[in-house]
Amino acid sequence: MRLDDPIRFLKGVGPRRGEILEKAGITTLEDLLYRLPFRYEDRRNIINIGEAASGEDSTLVGTISGVREIRPRGRRRVILRGILGDKSGWVNLVWFHQAAYFREKLAAGGMWLVHGRLEKAPRGGVQIVHPEIEHLGDTDDASAVARVLPVYQKPTDIPVAAMRGMVERVVDACAEQARTVVPEPLRESLGITSLAEALRYVHRPPRDADIEELASSATPAHRVLILDELFALQVGMSLRKAARRLEAGISMAVAGERIEGFFDGLPFEPTAAQRRVVAEVAADMERPRPMTRLVHGDVGSGKTVVAFAAALQAVAAGYQAAMMAPTELLAEQHYATMTPWAEREGVSMELLTGKVAAAVARRVREGVAGGVVDLVVGTHALIQEATAFAKLGLGIVDEQHRFGVMQRAALKGAQADTLLLSATPIPRTLSLTLYGDIDVSFLDELPPGRTPVVTRVIRPGARNKLHERMAKAVEDGRQCYIVYPLVEESEAMDLADATSMAEQLQAGPFKDFRVGLLHGRMKAAEKDAAMRSFKDGELNVLVATTVIEVGIDVPNASIMVVEHAERFGLAQLHQLRGRVGRGARESFCCLVAEQGQSRDSFERLRVMERTTDGFEIAEADLRLRGPGEYLGTRQSGLPAFRAANLVRDEELLELARTSAGAWLEEDPELASPHSAELRRVIEQRWGEKLRLAEVG
Ligand code: ADP
Ligand code: MG
């Protein structure tokens, strides 16, 4: 048997099981070999049945009698019951599923090892539901089976023991074929064992294994497997990055004086972080290869200044720049912000969105094609109808996560530099991995003089007081947002929420004010109009869904209320909160949450009360939700991990990164025989995905 054999070749896997496994993503023997246990059961401590206490996982040995099938009235499914006993006592056993399978199995009689959680039975006594059983035969010597057992994530239709058996057979037959990608010299210096040994250990832990270490994937064997995976990823990412370094690009000289002049003309002093990031971008643009750089900066950190400085450098070098924003309003906002800057700097700037009149748009496109327009700001109208640039040097993508990979690629041009702006802070280590193939700058400082937004988590019961507070703010000339969640599957219901709430509020607590509505089902023009009248101060209160999330700037808005806050991720709440606190006045953010079923989901929101630091919130969010959910779509640009967990394995990630760097210094082309397996795996496992990550 070979690792790449289809799973159907495995003994015990017929066509039906084969299909079930394939649906669960297990198509080859290798897939099964790397399906690591997600937890372990400790069956080393066998106790007397009479001593077993309810609420505990227990391992017991005894005979099973009174096995019978029962069909509860009105139910179609049959239940299987039995009684496990030894000299000291007895417990009930119950199977709700696979009754026939277990009845047949139990017919063997004799002694059994039984493992499971004891609980009080509804009609007195104690029971174990869906116990795991192992046949001992006519001996009560359980030493052969009293061990630590792996538990696998598996399709429901496959019994636990069958799944375990299949993995065991693959381990026996194929573990030896597993080759580590870590080159031997490096393996020696890191002191790590072979992959085969590691696989055998995690699938079949020895009797003296440390159960805590196993449970937290911290055994040396786990570490070998994790490092193997992360090492390949890091090398792959570095190779992509290196390949890009070799591409021909444009060298645009650093325009130090022009940029200093631009800074001098600003009504504020740039922050140290802005200066640093501008310098990083500038040096990168000067290099004669296409730049792909992501600027991570919290809401309000001043990314527009950085973007304009970069555009200025392109223009000074005789090239054009384009800036793409996800909405018309944002594009217009950027255009308005940059107009005085462009005038002062003698940069000819135009706006190009779907709203721009056809004749004007045509004129702008001609200007862009003819090279008279230096900087064009717009929405995807910029890329939708082929806008030909005379000499595009720099494409800037604001709120880059709002665009698809292809859209970003479209603005990239052949050799032009790309600057991606993101207001979604993510933890550094994670970002260095996720974006390991591009360059990242951190704009990690907010301009001084901002009053942090005061944040409170409240219960729905306190809403009346909140409305009073909002009414008072409106009377003082301020504006407020109220946001409702929008969950895809129940979009209609949430819409009704936002819509009916807007009506209720208008009729009730805010009857003297103007309440507006903004939601995702509205036409772009309607959305735009609503946002615009809020911005112009015509509306006092804006009831909205999360469509307002992206960088809109209404400095007069000072209260942000989020209803059903428990349904949002922390990072998203942070984005929403960033809509207020943009003026000099103190702002207030109120998260209304049901305590509901889960106390955790309420307590989690307290993080928002404690800090306004986006990076800190991102860390907390990541810890609470795990990388899969947290990363959302971006995760799909990465290979799925088999052993590693980007949050848990931060330290190994670092080790993988430094080791990968060191190895590539030694063998940059992966030409050494030691790199053979590494090269094969990167090509095979990650080649396609890594190519996709290319455009950032
Ligand atoms: P971001 O896009 O990063 O959320 P913006 O570029 O929209 O942030 O800037 C937010 C606000 O901060 C704007 O009103 C801008 O004029 C202001 N600003 C930017 N840099 C500074 C600075 N160094 N000092 C004071 N205010 C600044
Ligand atoms: Mg912005």
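On the given criteria, is Thr271 under 27 Å from the mean Cα position of the chain (by Cα) and not assigned by TED's automatic domain parsing to the domain that holds Gln575?
The answer is no for Thr271.
Taking the stretch 62-99 as the region of interest, how many residues are under 44 Å from the mean Cα position of the chain (by Cα) and either open to solvent by less than 50 Å² (accessible area, probe 1.4 Å) or in contact (Cβ under 8 Å) with a residue 60 or more places away in the chain (or both)?
Of the residues in the stretch 62-99, 9 are under 44 Å from the mean Cα position of the chain (by Cα) and either open to solvent by less than 50 Å² (accessible area, probe 1.4 Å) or in contact (Cβ under 8 Å) with a residue 60 or more places away in the chain (or both).
Would you check if Arg478 is modelled with pLDDT of 90 or more, open to solvent by less than 70 Å² (accessible area, probe 1.4 Å) and charged (D, E, K, R)?
Values: modelled with pLDDT of 90 or more: yes; open to solvent by less than 70 Å² (accessible area, probe 1.4 Å): yes; charged (D, E, K, R): yes.
It is true that Arg478 is modelled with pLDDT of 90 or more, open to solvent by less than 70 Å² (accessible area, probe 1.4 Å) and charged (D, E, K, R).
Among the residues of the stretch 372-384, which ones are modelled with pLDDT of 95 or more and over 20 Å from Gln333 (Cα atoms)?
Hit for the stretch 372-384 is Val372, nothing else.
Restricting attention to the stretch 421-452, which residues are closer than 21 Å to Leu570 by Cβ, at pLDDT 80 or above, open to solvent by less than 50 Å² (accessible area, probe 1.4 Å) and more than 15 Å from ligand 2 (Cβ to nearest atom)?
Within the stretch 421-452, just Phe442 meets the criteria.
So which residues in the stretch 311-336 are within 14 Å of ligand 2 (Cβ to nearest atom) and touching a residue at least 60 places away in the same chain (Cβ under 8 Å)?
Met323, Met324, Ala325, Pro326, Thr327, Leu329, Leu330, Gln333, His334
Out of all the residues in the stretch 244-252, is one or more among the small types (Gly, Ala, Ser), in contact (Cβ under 8 Å) with a residue 12 or more places away in the chain and within 16 Å of ligand 2 (Cβ to nearest atom)?
Taking every residue of the stretch 244-252 in turn, none turns out to be among the small types (Gly, Ala, Ser), in contact (Cβ under 8 Å) with a residue 12 or more places away in the chain and within 16 Å of ligand 2 (Cβ to nearest atom).
Of the residues Gly261, Gly300, which is open to solvent by 10 Å² or more (accessible area, probe 1.4 Å), within 15 Å of ligand 2 (Cβ to nearest atom) and either over 20 Å from Ile438 (Cα atoms) or charged (D, E, K, R) (or both)?
Just a single option satisfies the conditions, and that option is Gly300.
Filter the stretch 278-297 for residues that are closer than 14 Å to Ala255 by Cβ, open to solvent by less than 10 Å² (accessible area, probe 1.4 Å) and within 16 Å of ligand 2 (Cβ to nearest atom) and give the result.
Here is the first cut: in the stretch 278-297, the ones closer than 14 Å to Ala255 by Cβ are 278-279, 281-286.
Keeping just the survivors that are open to solvent by less than 10 Å² (accessible area, probe 1.4 Å) gives 281-282, 284-285.
The one that is closer than 14 Å to Ala255 by Cβ, open to solvent by less than 10 Å² (accessible area, probe 1.4 Å) and within 16 Å of ligand 2 (Cβ to nearest atom): Val281.
Only residues that are open to solvent by 30 Å² or more (accessible area, probe 1.4 Å), within 16 Å of ligand 2 (Cβ to nearest atom) and in a loop (DSSP other than H, G, I, E, B): list them for the stretch 521-573, please.
Residues satisfying the conditions are Asp553, Pro555.
The values are calculated or read from the model by the stated rules, or taken from the named source; none is laboratory data. Note that the structure is predicted; figures quoted are calculated from it, not measured. Cβ coordinates were reconstructed from backbone atoms using ideal geometry, including for glycine residues, and neighbour counts include every protein chain displayed. Areas reflect the complete protein model, heavy atoms only, side chains present, ligands, DNA and RNA absent. Shrake-Rupley method; radii C 1.70, N 1.55, O 1.52, S 1.80 Å.
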